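Participant: To start, I am sharing the structure in question, which I have written as structure tokens.
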Amino acid sequence: VVEPLKVFHCPGHGGLRNRGLEYAGFVERDWVVELACGYLQWRFNQLESDTSRLAAEQHRLARFRDEYLPYTYRARAAEEWGADVAVLHHVNGVFFPKDHPRAGQANAAESGLAVFVVKGDLHLDVHQRSYDLARQLLLAVWRPLQLWKGRTTPHRAKRFGHDGKPHWTRRARSHLRHYVNRGIPAVLVEWSFATNDADRRTLLDPSLRARFYRPLDALVDHALKYRSR
Ligand SMILES: [Zn+2]
């Protein structure tokens with residue numbers, strides 16, 4: 001008997017101490033819970049008529065409501081549960097910096113979905129799996145959801161760049177490392193930019209939810225295939 005695949009969903013942020021992105025009525029910490037809950041419902045509806053497929057996987061959420069939960073606590077819960085993969089859900093936003101004439105205002109130029117994994121030795125299973133899963137998710141993205149800069153490969157997040165300066169991907173890494181350090185393959189999805197009007201419309205349109213769920217299906221299906229090899 002093969003153990004079911006265990007997929008741990010970690011909706012980013014939560015609570016007063018970690019509010020996440022808020023812009024033009026969009027609240028990241030709430031949206032990511034809604035997305036993960038909606039996905040579980042979608043996945044269950046797909047599988048419910050097929051008992052063997054239904055038994056082959058389990059999903060769990062790190063949180064269901066707006067509460068503060070330290071990321072170390074979430075990763076420990078994932079490890080104790082025996083998670084095979086962690087998916088970290090976020091939404092991006094970009095604002096003009098302090099010294100800019102439009103300081104603090106949204107910079108609508110950036111749009112699209114990006115996926116991050118921890119940069120590490122790809123000979124290690126945890127990194128190779130993270131990368132493969134992230135790649136499958138990216139390849140299943142369709143309009144109107146779009147890829148950030150058209151990029152179909154995951155970003156390999158690191159603390160420092162070649163110049164020795166802190167790298168822009170370090171924040172994604174600081175979230176992912178809690179899972180990866182425990183040997184759990186982990187993928188962080190920035191589902192698009194709430195600071196871009198077209199992206200925000202897509203994020204908030206309930207009739208477009210399948211555009212978000214199908215890439216998750218691709219990740220889960222790939223993890224199931226990996227497992228049965
Ligand atoms: Zn976030």
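Participant: If I take every Cα pair under 8 Å that is 6 or more residues apart in the range 1-154, average their sequence separation and divide by the length, what percent do I get for the relative contact order?
Facilitator: 25
Participant: Treating cross-link reach as a plain straight distance, find the lysines whose alpha-carbon is under 27 Å from the alpha-carbon of Lys225, omitting any fewer than eight places away in the same chain.
Facilitator: Here the lysines satisfying the reach criterion relative to Lys225 are Lys6, Lys119.
Participant: In whole Å, how far is the Cα centre of the range 183-210 from that of the range 17-81?
Facilitator: 14
Participant: Can I ask one more? Any idea of the accessible area per residue across the range 118-229, 1.4 Å probe, to the nearest Å²?
Facilitator: Heavy-atom SASA per residue in the range 118-229 reads 53 Å².
Participant: I've got another one for you. What are the extents of the Cα atoms of the range 115-172 along their three principal axes, listed from largest to smallest and rounded to whole Å?
Facilitator: Result for the range 115-172: principal-axis Cα extents of 37, 26, 15 Å.
Participant: In degrees, nearest 10, range 0 to 90: what is the angle between the Cα axis of helix 170-180 and the longest Cα principal axis of the chain?
Facilitator: Long axis of 170-180 versus the principal axis of the chain: about 20 degrees.
Participant: Evaluate the Debye formula for the range 140-228 with equal point scatterers sitting on the alpha carbons, no solvent, and hand back log10 of I(q)/I(0) at q = 0.22, 0.24 Å⁻¹, in q order, two decimals.
Facilitator: -1.21, -1.26
Participant: Right, another one. Out of all DSSP beta bridges with both ends in the range 98-217, state the antiparallel percent to the nearest 5. List each step's numbers first, then the result.
Facilitator: On the way: 4 of 8 bridges.
So the antiparallel bridges amount to about 50 percent of the total.
Participant: Taking a cut-off of 20 Å between Cα atoms, list the aspartates and glutamates near Lys158, but don't count ones fewer than 8 places away on the same chain.
Facilitator: Here the aspartates and glutamates satisfying the reach criterion relative to Lys158 are Asp121, Asp125, Asp132, Glu190.
Participant: Right, next: Along the principal axes of its C-alpha atoms, what lengths does the chain span, in descending order and rounded to whole Å?
Facilitator: The principal-axis extents, from largest down, are 62, 43, 34 Å.
Participant: If you put +1 on each Lys and Arg Cβ and -1 on each Asp and Glu Cβ, how big is the dipole of the range 1-144 around its Cα centre, in Debye rounded to 20?
Facilitator: 340
The values are calculated or read from the model by the stated rules, or taken from the named source; none is laboratory data. The structure displayed is predicted, hence computed values, not measured ones. All Cβ positions, glycine included, derive from the backbone under ideal geometry; neighbour counts span all protein chains shown. Areas reflect the complete protein model, heavy atoms only, side chains present, ligands, DNA and RNA absent. Shrake-Rupley method; radii C 1.70, N 1.55, O 1.52, S 1.80 Å.
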